[in-house]
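Colleague: If you scroll down you'll find the structure; I have some questions about it.
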Amino acid sequence: MGKLSVVVPDALERKFRFAIAVMKNGKQGDLSDAVIEAIEDWLKKREKALARGTARATSRNQENTCRPNFHANKM
């Protein structure tokens, strides 16, 4: 299994964890299950664009990619 480490606003995290506790009774593994469901829903929502190869990154997403910035260390 893969492992993700993400940073989200505090208020969003509190709302997400509260919703999980209410909907899933707060059992161990419920947070992971909810994140998996959220990622699957996100991908499903963009499935057609991804298949066409037309999915474009927003400027915010482009800043957060894992591509190295080869120009950052040039003087």
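Readers should treat all values here as calculations from the given coordinates under stated rules, not as data from a laboratory. All of these numbers come straight from a predicted model, not from anything done at the bench. Cβ: placed from backbone, ideal geometry, glycine included. Neighbour counts: every protein chain shown.
Colleague: When Lys and Arg each count +1 and Asp and Glu each count -1, what net charge do the other residues less than 12 Å away from GLU37, Cβ to Cβ, add up to? Present the calculation step by step, with values, prior to reporting the outcome.
Modeller: Numbers: positive: LYS24, LYS44; negative: ASP30, ASP33, GLU40, ASP41.
Within the 12 Å Cβ shell, the charges total -2.
Colleague: Would you kindly state how much longer the chain becomes between GLU37 and LEU50 on full extension, computed as 0.36 nm times their sequence separation minus their alpha carbon distance, in nm to one decimal? Display every interim value, and only then the final one.
Modeller: Numbers: separation 13, 0.36 × 13 = 4.68 nm, distance 1.84 nm.
Gain on extension, GLU37 to LEU50, equals 2.8 nm.
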